[in-house]
Amino acid sequence: MLASSSILRTLDVQAVRADFPILSQSVNGKPLAFLDSAASSQKPLAVIEAMNEYYRTTHANVHRGVYTLSERATELYENARKRVARFIGAKSSREIIFTRNTTESINLVAQAWGRANLRPGNEILLTELEHHSNLVPWQLIARETGARVRYIPVDGQGVLQLDGLDALLTERTKIVAFAQMSNMLGTITPAAEIVRRAKAAGALTLIDAAQGVPHLPTNVQELGCDFLAFSGHKMCGPTGIGVLYGRRELLEAMPPFLGGGDMIRRVTFEGAEWNELPWKFEAGTPAIAEGVGLGAAVDYLSGLGMDAVRAHEREIIAYALERLAEVPTVAIYGPMAPDIRGGVATFNLGDIHPHDVAAVLDAEGIAIRAGHHCAMPLHEKFGLTASSRASFYIYTIPEEIDRLVEGLYKARSIYKKAK
Amino acid sequence: MDRQGQIDFILDHYENPRRKGALLDAGASAQGSNPGCGDLVTMYVKVDPQTGRADVTFDGTGCTISQASASYLVELASGKTLEDILAIDRDDLMGALGRDIVEQRAPCAALALDTLHAAAHELDRERACHEIRME
């Protein structure tokens, strides 16, 4: 077992925790242990204050007014876009489209690119690891266009089986869309390799980076992907803002997704000309304060360093897997090697229903997720209807893992018949 | 009942379910599920034509609250008329199971009741059709 102190080498986790006001409270009379960051992360003061300050001093609609406040709001919002572009290594902030979340980013590509480019007989290649948000948008556009959805299989540990990838990639394959990290199993996929092989076969690539960008150093130019989608709220930012990165030539060639204000250059009663990138894809008044908050979140994570973030989470997941394995009747799902696993520990405790496990833990102040985690096909593949998931972030400490394990022993004593 | 007493009551129904098992000659049965968490219940109802009283059983798998709720409910409903069964409401059920324990898990707690009502409605409709035919 690792000593608690040896985990704190790369990140000053106590200093990080002090930045998150929500963590210093009690729930059900116990200190809160928030172990559901894969669903949504908590927010540091820097983000909360940036949004507060924006509303107190700067708010006006963007890209419109010729008055000072509107110009200042526009500058803050567009500066956030530049910081996001830099954070993921995009060539230009024109390649950064603000959306509501990862789901909307993927739907944007499936609808705007898919409708213009997919034909009957074309294939969309996904993986069996995908979250519903990288499955359903493709199933919808496939039904509409006559294209077919195929899947890269996973093995019993939830690792992609890439031996058959070249056989799956044919001239019919138009796009390969896959998760950078599985939200259910924590599997980190070899994204750069998949992109390289997909490109060699002439297919475009989209990376669902909802669990990637918040936790792993991510550079779109090194990855070589065509599209990359992620959400603000899983990376210390607010809800209601997400990002679609797209290669400029592709975004230029795509028709708009939603129509409305801000996305047009000129409108007549007969038709309209589209605005330039990125605004062509941002119809209507955007989530301005949330954009400002996301910019602050990106600054916060950059300050910690994404290498340090990953190093911390690698140690935490290694410790969690080791401790969970000590508990009798625990079944852990997903890869056991911390090198290919993010901070997500998914398990079942004997035949105790995951809801019951979560309820016992909640009484101890420990928040975990129980259910299918928006990955029903993957649960079915593993023969499960539901599972429990503890997920970690920059503020997770080994003591919280210890409390999780104690909580599982408590659940075992309540449900004595659990085998 | 205090909170611990309420928890023990629920756990007792979960670990020692009452009237669990299919009713082979049921007049109606209905299946309900919460796909999000995998709770599954089937409710069986048979009405004695002489007395108008119901015999109710259940079968299922799922979390403690969903299964304890079904066990509690089949005991409560057995011996009642269809009208009385249809009159059992969610609020009474929540109160009986312990509101502060089940209110965060309302879909689990209410699954058996909604499913029982579906089966009872089916029987009620059949009876109405039968009466019309008899007239």
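Considering region B:86-117, and only residues there that are part of a loop (DSSP other than H, G, I, E, B) and farther than 22 Å from B:D59 by Cβ, the residue that is farthest from the other protein chains (Cβ to nearest Cβ) turns out to be B:D89. Looking only at residues in region A:237-272 that are surrounded by fewer than 11 Cβ atoms within 10 Å (Cβ to Cβ) and among the acidic types (D, E), which one is modelled with the lowest pLDDT? In this case the residue turns out to be A:E270.
Counting only residues that are under 20 Å from A:G212 (Cβ atoms), give me the helices (runs of 4 or more DSSP H) lying completely in region A:24-129 with at least 3 of them. By residue number, A:68-87, A:102-108.
Being in contact (Cβ under 8 Å) with a residue 40 or more places away in the chain, in the same structural domain as A:L118 (by TED's automatic domain parsing) and at positive phi, is that true of even one residue in region A:259-271? First the steps, then the outcome.
If we filter region A:259-271 for residues that are in contact (Cβ under 8 Å) with a residue 40 or more places away in the chain, which is where we start, we get A:262.
Next, from what is left, pick out any that are in the same structural domain as A:L118 (by TED's automatic domain parsing): A:262.
Right, trim to at positive phi and you get A:262.
Yes, that holds for at least one residue.
With respect to A:S302, determine if the residue is within 27 Å of A:E49 (Cα to Cα), surrounded by 17 or more Cβ atoms within 10 Å (Cβ to Cβ) and of a type in the set (S, T, Y).
Considered against the rule, which asks whether it is within 27 Å of A:E49 (Cα to Cα), surrounded by 17 or more Cβ atoms within 10 Å (Cβ to Cβ) and of a type in the set (S, T, Y), A:S302 comes out as no.
Conditions (1) under 23 Å from B:F9 (Cα atoms); (2) modelled with pLDDT under 95, marked per residue:
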residue	(1), (2)
B:G36	no, yes
B:L40	yes, yes
B:V45	no, no
B:C63	yes, yes
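Inspection of region B:118-127 identifies no residue that is surrounded by fewer than 21 Cβ atoms within 10 Å (Cβ to Cβ), at pLDDT 95 or above, outside any helix (DSSP H, G or I) and not aromatic (F, W, Y).
Of the residues making up region A:350-368, just one is more than 11 Å from every other protein chain (Cβ to nearest Cβ) and farther than 14 Å from A:L32 by Cα, namely A:G350. Under the condition of being charged (D, E, K, R), more than 14 Å from every other protein chain (Cβ to nearest Cβ) and more than 29 Å from A:V16 (Cα to Cα), the residues counted in region A:398-419 number 0.
B:C63 meets each of the listed conditions (1) more than 14 Å from chain A (Cβ to nearest Cβ); (2) touching a His at 6+ places or on another chain (Cβ under 7 Å) apart from (1). Listed by position, the strands (runs of 3 or more DSSP E) inside region A:142-233 whose residues that are in contact (Cβ under 8 Å) with a residue 40 or more places away in the chain number at least 3 are A:173-179, A:204-208, A:227-231. Output yes when any residue across region B:29-44 is among the hydrophobic types (A, V, I, L, M, F, W, C), more than 13 Å from the chain's Cα centre (by Cα) and in a strand (DSSP E or B), and no when none is. Within region B:29-44, none of the residues are among the hydrophobic types (A, V, I, L, M, F, W, C), more than 13 Å from the chain's Cα centre (by Cα) and in a strand (DSSP E or B). Here B:E83 meets the list (1) under 23 Å from A:S413 (Cα atoms); (2) free of Cβ contacts under 8 Å to residues at least 12 places away in the same chain; (3) more than 14 Å from chain A (Cβ to nearest Cβ) almost entirely, failing just condition (1).
Of the residues A:A375, A:A390, the single one that is touching a residue at least 60 places away in the same chain (Cβ under 8 Å) and in contact with a Phe, Trp or Tyr (Cβ under 9 Å, 6 or more places away or on another chain) is A:A390. Figure legend. Inter-residue proximity from region A:324-341: first residues among the basic types (K, R), second residues in a loop (DSSP other than H, G, I, E, B), beta-carbon distance below 6 Å, spacing 6+ or different chains. Indicated pairs: A:R341/A:G186; A:R341/A:P335. Within region A:392-406, does at least one residue satisfy the condition of being among the hydrophobic types (A, V, I, L, M, F, W, C), closer than 24 Å to B:G36 by Cα and surrounded by fewer than 21 Cβ atoms within 10 Å (Cβ to Cβ)? No, that holds for no residue. Number of residues in region A:234-270 that are outside any strand (DSSP E or B), within 16 Å of A:S105 (Cα to Cα) and aromatic (F, W, Y) equals 1.
Of all residues in region A:369-397, those satisfying the criterion of being part of a loop (DSSP other than H, G, I, E, B) and within 9 Å of chain B (Cβ to nearest Cβ) are A:H372, A:L384, A:T385, A:A386. For region A:233-255, the tally of residues that are small (G, A, S), within 19 Å of A:A50 (Cα to Cα) and out of contact with any strand residue (DSSP E or B) (no Cβ under 6 Å at 6 or more places or on another chain) stands at 2. List every residue pair whose Cβ atoms sit under 8 Å apart, with the two residues 6 or more apart in sequence or on different chains, where the first one lies in region B:21-40 and is away from chain A (no Cβ under 14 Å) and the second, anywhere, is of a type in the set (G, A, S) and assigned to a loop (DSSP other than H, G, I, E, B). Pairs that qualify, where the first residue is away from chain A (no Cβ under 14 Å) and the partner is of a type in the set (G, A, S) and assigned to a loop (DSSP other than H, G, I, E, B), are B:S29/B:A22.
The values are calculated or read from the model by the stated rules, or taken from the named source; none is laboratory data. On a predicted model such as this, the values are computed, not experimentally measured, just so you know. Every residue, glycine among them, receives a Cβ derived from its backbone with ideal geometry; neighbour counts consider all protein chains shown.
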